[in-house]
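**Q** Got a structure here, written out as structure tokens. Questions coming.
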Amino acid sequence: RTLFQPNKMTANPSNEAVDFLYQAFPRHIANVLRAGGKVEPESHDCVTIFFSDIVGFTTIASKVKPMKVSQMLDRLYLKFDELAENH
């Protein structure tokens, strides 16, 4: 089930779709998308891109509810953020 499709946003999106929009994007971007506008590229002086491969992820994701998978990933990447900040 897709909660948000930028090109198909209705005049009255569900609360679930709006909540997802604001969880997935920074507020200023969510506002632009919600208004049907075009998001302009941004430039940042310092950016880190982290690629990862989680062994067994496909199996985990196939056996666990999506919210649990999301919570697991959130905890994992928050820990990576913490480690990066400390080192």
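The values are calculated or read from the model by the stated rules, or taken from the named source; none is laboratory data. What you are looking at is a predicted structure, and each value in this text was computed from that prediction instead of being measured. Cβ sites come from the backbone with ideal geometry, for glycine too, and all protein chains shown count toward neighbours. The accessibility values were calculated without ligands, DNA or RNA, using every heavy atom of the protein model including side chains. Shrake-Rupley method; radii C 1.70, N 1.55, O 1.52, S 1.80 Å.
**Q** Please count how many residues of the stretch 54-87 are closer than 20 Å to residue 23 by Cβ and either charged (D, E, K, R) or touching a residue at least 40 places away in the same chain (Cβ under 8 Å) (or both).
**A** 6
**Q** If you don't mind, there's one more thing I want to ask. Quick check on the stretch 46-53. Is at least one of its residues on the phi < 0 side of the Ramachandran plot, within 17 Å of the chain's Cα centre (by Cα) and either touching a residue at least 60 places away in the same chain (Cβ under 8 Å) or open to solvent by less than 70 Å² (accessible area, probe 1.4 Å) (or both)?
**A** For the stretch 46-53, residues on the phi < 0 side of the Ramachandran plot, within 17 Å of the chain's Cα centre (by Cα) and either touching a residue at least 60 places away in the same chain (Cβ under 8 Å) or open to solvent by less than 70 Å² (accessible area, probe 1.4 Å) (or both): present.
**Q** Could you identify the single residue in 3, 73 that is open to solvent by less than 70 Å² (accessible area, probe 1.4 Å), out of contact with any strand residue (DSSP E or B) (no Cβ under 7 Å at 6 or more places or on another chain) and modelled with pLDDT of 85 or more?
**A** 73
**Q** Just a yes or no: is a residue in the stretch 43-59 among the acidic types (Asp, Glu) and either outside any loop (DSSP other than H, G, I, E, B) or touching a Gly at 6+ places or on another chain (Cβ under 8 Å) (or both)? Can you show your working first?
**A** Just the residues of the stretch 43-59 that are among the acidic types (Asp, Glu), to begin with: 45, 53.
Narrowing the set further to residues that are either outside any loop (DSSP other than H, G, I, E, B) or touching a Gly at 6+ places or on another chain (Cβ under 8 Å) (or both) leaves none.
Taking every residue of the stretch 43-59 in turn, none turns out to be among the acidic types (Asp, Glu) and either outside any loop (DSSP other than H, G, I, E, B) or touching a Gly at 6+ places or on another chain (Cβ under 8 Å) (or both).
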